Structure formats: structure tokens, C-alpha cells
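The values are calculated or read from the model by the stated rules, or taken from the named source; none is laboratory data. Here the structure is a predicted model, which is why all the values come from computation and not from measurement. Cβ coordinates were reconstructed from backbone atoms using ideal geometry, including for glycine residues, and neighbour counts include every protein chain displayed.
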Amino acid sequence: MKHIVFYSGGLGSWATANRVIQRYGKENVILLFTDTLIEDEDLYRFLEDTEKDFGIDITRLADGRDVWQVFKDTRFLGNSRIAKCSHILKQDKSREWVEANYKPDECILYLGIDFTEEHRRKSPIRNWAPYQVEFPMCEEPYVNKVDIIKDLESRSIAIPRLYNKGFSHNNCGGFCVRAGQGHFINLLKEMPDRYKYHEEKEQEMLKFLERNDISILTRTKKGQKQILTLKQLREEYESQPEQIDMFDIGGCGCFVEE
Ligand code: SF4
């Protein structure tokens, strides 16, 4: 029986991997990383540090496209409701690899969802059937991010730098089509060049699709749903920062939605 952890390079998936390795031994564990090719450079450092520490070579997969190429190929701009990037670059890629290597009764799959996210368990269980999916961080002893950081510190492993920059995850280099206004403003403040890149890519995509009525972000004003491009968001932040909903963080769910 192989124990396959979807290893994203985030704190939750590290804690999951650590727990699964402690239970079953490193020789029975596979850490599966799917690269979106727009990851933060420090994510690769974290992967290297942790693979040395665990004594396991991480299995690295990549479709070869990044999220923007996926949006172009599918002629669909990802947003909080539909993220084809995560389907194609992460879920499909992982499924292809798992099915090619193991039958459902030869492996168990593990996701880093924790006890505060119990409601997110249903979709991956349904999506991966007949494979079995487990969520070790939903089990006792319950740990939070601070506990995980302490654990990493005790092993002299620096946490991925995006967490220190105020990001809630280490996916896609701080970008995510499921993120909210507050998350994107954090990207603008912490990594303005990266924000500019995505702002330009979104504009390029609108031109490519010949649309001016879509955007990654949307908001509701006076009961009306409105588009909010990254260009608009930046301009509004520069002129009227108090108008931005900094509590709208959104949430990445690469492996947890339909
Ligand atoms: S982190 Fe966000 S942008 Fe990146 S693949 Fe997942 S859903 Fe898409």
C-alpha cells in the first residue's frame, strides 16, 4: 500500500506529509507536487529543504503550461467560481499520474485540509472515487499554523517566504484566481512587479477574448454584481484605498472543489 500525499509546498501539506511519514514510514510514502510554473521561487527551496529532511525524493509533475496559457487554451478566464487552472494543472495531472501507477486498492491519497475546513472534504472524496482520500490534519492532535511553524523551526527549515509576506497560502507565487481584493492588494504591496505581470495578463486575456464584461475579481455594489479587473483594483487602491474590502481574502482550493 502506498500513501500518496498531494504536496503543494504549503504549511498544511507539509504537516500532512510529516504525519503520514510518521505513521507509515518514508519508504511507503510518495510526495506528489504539481507545478503550475508560476510558483514562488522560494517554494522550490522549501521543497528541497523538506525533501532532504524527510529523506524522500519529491515526485514532481508539470503539465508544461502555466495558468495563463490554460486560460487562453480553454478561452476562459479563471475566477472564484471556476478555476480551470487547478483542474487541468493540478487535479487532472495528479489523477493521470496516480491512475497510471496505482490501482484504487494499492494506494491511499492524502490532502492537507485541516480541522477548521471539514466542510471541504466532500468534493475531493467524490472527485477521487474509487480512490480513498484521507485528511490526517482533521484528526487529533489538532494543530494550527503556529504549531506547524514551530515544528519547522525545530528542524531548522525556514517557512516559505510568502507566509512572512502576509499570504495565506504558498500557491501560484501569491496569485490565485480564487483570491479576493485584500489578497490581491497584499500582492500589489509586497510584490508590485508580480502584480503588474498578472494585471497585464488579465488585460491581454480580455483583448484575446474580445470581452470587457469579465474579470477575475467581481464585487457587489448597491446590490449589483460588477466586474473588477486587477487594473481597476490597483487604480482604486492608489486613489481611494479606503474603498477596498481588505477583508475579502478569498481562498485557494486547488484540490478541494468539483
Ligand atoms: S492556486 Fe489558484 S490560480 Fe493557482 S492553480 Fe490553484 S486555483 Fe488556479
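One residue is enough: does segment 124-144 have a residue meeting the conditions within 25 Å of T36 (Cβ to Cβ), assigned by TED's automatic domain parsing to the domain that holds T36, within 15 Å of the ligand (Cβ to nearest atom) and part of a helix (DSSP H, G or I)? For segment 124-144, residues within 25 Å of T36 (Cβ to Cβ), assigned by TED's automatic domain parsing to the domain that holds T36, within 15 Å of the ligand (Cβ to nearest atom) and part of a helix (DSSP H, G or I): present.
With respect to R45, determine if the residue is within 16 Å of the ligand (Cβ to nearest atom), out of contact with any helix residue (DSSP H, G or I) (no Cβ under 6 Å at 6 or more places or on another chain) and closer than 30 Å to E202 by Cα. Against the criterion (within 16 Å of the ligand (Cβ to nearest atom), out of contact with any helix residue (DSSP H, G or I) (no Cβ under 6 Å at 6 or more places or on another chain) and closer than 30 Å to E202 by Cα), R45 does not qualify.
Examine segment 173-188 for a residue that is aromatic (F, W, Y), under 17 Å from the mean Cα position of the chain (by Cα) and more than 22 Å from R45 (Cβ to Cβ), and state whether such a residue exists. Yes, segment 173-188 contains a residue that is aromatic (F, W, Y), under 17 Å from the mean Cα position of the chain (by Cα) and more than 22 Å from R45 (Cβ to Cβ). Within segment 53-74, the set of residues being in contact with a Phe, Trp or Tyr (Cβ under 8 Å, 6 or more places away or on another chain) and not in a strand (DSSP E or B) comprises I58, V67, K72. The numbered conditions (1) in a helix (DSSP H, G or I); (2) within 21 Å of N18 (Cα to Cα); (3) in contact with a helix residue (DSSP H, G or I) (Cβ under 7 Å, 6 or more places away or on another chain); (4) away from the ligand (no atom under 16 Å from the Cβ) are all true for V98 except (3). The condition (being within 16 Å of the ligand (Cβ to nearest atom) and touching a residue at least 12 places away in the same chain (Cβ under 8 Å)) is satisfied by just one residue among F208, F167: F167. Is it the case that some residue within segment 31-45 is crowded, with 20+ Cβ neighbours inside 10 Å, without any contact (Cβ under 8 Å) to a residue 40 or more places away in the chain and within 24 Å of C107 (Cα to Cα)? Checked segment 31-45: at least one residue is crowded, with 20+ Cβ neighbours inside 10 Å, without any contact (Cβ under 8 Å) to a residue 40 or more places away in the chain and within 24 Å of C107 (Cα to Cα). Determine, yes or no, whether I185 is under 16 Å from Y237 (Cβ atoms), touching a residue at least 40 places away in the same chain (Cβ under 8 Å), part of a helix (DSSP H, G or I) and away from the ligand (no atom under 16 Å from the Cβ). Criteria met by I185. Screening C254 against (1) part of a strand (DSSP E or B); (2) hydrophobic (A, V, I, L, M, F, W, C); (3) modelled with pLDDT under 95 leaves a single unmet condition, (1).
The residue of segment 150-164 that is nearest to G10 (Cα to Cα), among those that are buried (at least 16 other Cβ atoms within 10 Å of the Cβ) and away from the ligand (no atom under 16 Å from the Cβ), is I159.
Do we have any residue at all in segment 150-157 that's outside the structural domain of D42 (by TED's automatic domain parsing) and among the small types (G, A, S)? No: segment 150-157 contains no residue that is outside the structural domain of D42 (by TED's automatic domain parsing) and among the small types (G, A, S). Checking the structure you have, find out if any residue of segment 185-193 is within 25 Å of D147 (Cα to Cα) and surrounded by 23 or more Cβ atoms within 10 Å (Cβ to Cβ). No, there is no match, as no residue in segment 185-193 is within 25 Å of D147 (Cα to Cα) and surrounded by 23 or more Cβ atoms within 10 Å (Cβ to Cβ).
R23 meets the conditions (1) more than 16 Å from the ligand (Cβ to nearest atom); (2) surrounded by fewer than 20 Cβ atoms within 10 Å (Cβ to Cβ); (3) not in a helix (DSSP H, G or I) in every case but one. The failed one is (3). Of the residues making up segment 201-226, those that are surrounded by 10 or more Cβ atoms within 10 Å (Cβ to Cβ) and in a strand (DSSP E or B) number 4.
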